[in-house]
Amino acid sequence: MARLDAACTVDRYAGEGSMPRDEMIARLPGKLAMVSMVTDTVDAGVVSAGTDLRLIANVAVGYNNVDVAAAKARGIVVTNTPDVLTDATADLTLALILAVTRRLGEGERMVRRGAWKGWAFDQLLGMQLRGRQLGIVGYGRIGKAVGVRAEAFGMTVAHVSRPGSGARDSGLDRLLSTSDIVSLHVPLTPDTRHLIGQTELARMKRSAYLVNTTRGPVVDEAALAWALRQRLIAGAALDVYEKEPEVHPDLMSLENVVLAPHLGSATTETRTAMADLAASNVIAVLSGQPPLTPVT
Ligand code: GLV
């Protein structure tokens, strides 16, 4: 904010959560740049209200919340915040993998409700990572960073790069049926919406875990709840949901599911770097320079 305040006049939303759509539309005319968060839906209607807009600086690596085509059609640049959040998101993915395979949430709930009766030889036995296969769906910056971490834990890594592009993907099918943990790192696009549904979950090993740190709609949440109830997979760890902050009620009551509140990039260092990068994009474009991290 200090960098933006020094460079331009800022109209800041001071309310709770995200700015209501009507207010966004009312406040956009006359603005040259917009800084948006993942929770702001910048659809074609909002974009067209930005009659003077030159830039939409989304403070996230994912930009499914912005209608990029509508922006481009009006000559508006869209930027995101790649790279600076790769480590934080990969770290959180490993935290979720460890939490679900070592039953950390279950154990913590037991301690907190006073149900822990003391150490027991066969208590809350989980799955060890060494020698297991991690299947990475979406082998971009974050997927690769997760792979490096997984190898340090002694896991083998399998990956598919661009699944979900129409016809059934044999690479994805093989990865799903052979992996002990499947971790999702594809962006949300029309091709990856519900990439993981009943068919895909049924392909996974009964002993396998699903981890999602990308976008909720990549997984059909109702199908996931069904697969967990049917014991088609062993568990799931989620950081993102189809209709945040709502969580499918069945997932809430299952012990073998770890539920995090969209924390992928939530470290002080990373959020500072994301904010700084978004500010740099605004300052660059408003001063006639090319953006640092345009969405292409
Ligand atoms: C957060 O969800 C991001 O895409 O950066």
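Observations on the structure shown:
- Residue-wise HN-Hα coupling along region 33-49, computed from phi with Karplus coefficients 6.51, -1.76, 1.60 (Hz; x: Gly, Pro): 9, 10, 9, 10, 10, 4, 7, 8, 8, 9, 8, 4, x, 5, 4, 6, 6
- Between the amide H of THR79 and those of ILE56, ALA57, ASN58, VAL295, distances stay under 5 Å, these residues lying 5 or more places away or on another chain, with hydrogens modeled in the peptide plane.
- Computed Rg/Rh of region 86-259, alpha carbon atoms with Kirkwood Rh: 0.96
- Rolling a 1.4 Å probe over the heavy atoms of the protein chains gives region 1-96 an accessible area of 48 Å² per residue.
- Protein accessible area in region 1-122, 1.4 Å probe - carbon and sulfur %: 56
- In order along region 228-233, the Karplus-derived 3J(HN,Hα) couplings, from 6.51 cos²θ - 1.76 cosθ + 1.60 at θ = phi - 60°, round to 6, 5, 7, 6, 6, 9 Hz, and Gly and Pro are given as x.
- Rounded FRET efficiency, nearest 0.05, which uses the C-beta distance separating LEU98 from LEU32 and R0 of 41 Å: 0.35
- Hz values of 3J(HN,Hα) by residue in region 186-198 - Karplus curve (6.51, -1.76, 1.60), Gly and Pro given as x: 7, x, 7, 9, x, 6, 9, 4, 6, 4, 10, x, 3
- Of interest is the spacing of the C-alpha centroids, which for region 88-148 and region 52-74 amounts to 35 Å.
- The amide H of GLY264, built 1.01 Å from its N in the peptide plane, has no neighbour under 5 Å, considering only residues 5 or more places off or on other chains.
- Antiparallel DSSP beta bridges within region 86-259, as percent of all bridges there, nearest 5: 5
- Count Lys and Arg as plus one, Asp and Glu as minus one, and take only other residues whose Cβ is under 13 Å from that of LEU254; the net charge is then 0.
- Remark on THR156: its backbone amide H falls under 5 Å from those of GLY131, ARG132, GLN133, LEU134, a criterion applied only to residues 5 or more positions apart or on other chains, H modelled at 1.01 Å from N.
- Förster radius 25 Å - calculated FRET efficiency between LEU259 and ASP43, Cβ distance, rounded to 0.05: 0.35
- Selected from GLY30, LEU92, THR41, residue furthest toward positive end of dipole (region 1-115; charges at beta carbon): LEU92
- Surface composition of region 146-241: carbon and sulfur atoms hold 49% of the protein heavy-atom accessible area at a 1.4 Å probe.
The values are calculated or read from the model by the stated rules, or taken from the named source; none is laboratory data. Small disclaimer: the values here were computed from a predicted structure and weren't measured. When we count neighbours, we look across all protein chains shown, and the Cβ atoms used for this are built from the backbone with ideal geometry, even at glycine. Heads up: the accessible areas ignore ligands, DNA and RNA and are worked out on the full protein's heavy atoms, side chains in. Shrake-Rupley method; radii C 1.70, N 1.55, O 1.52, S 1.80 Å.
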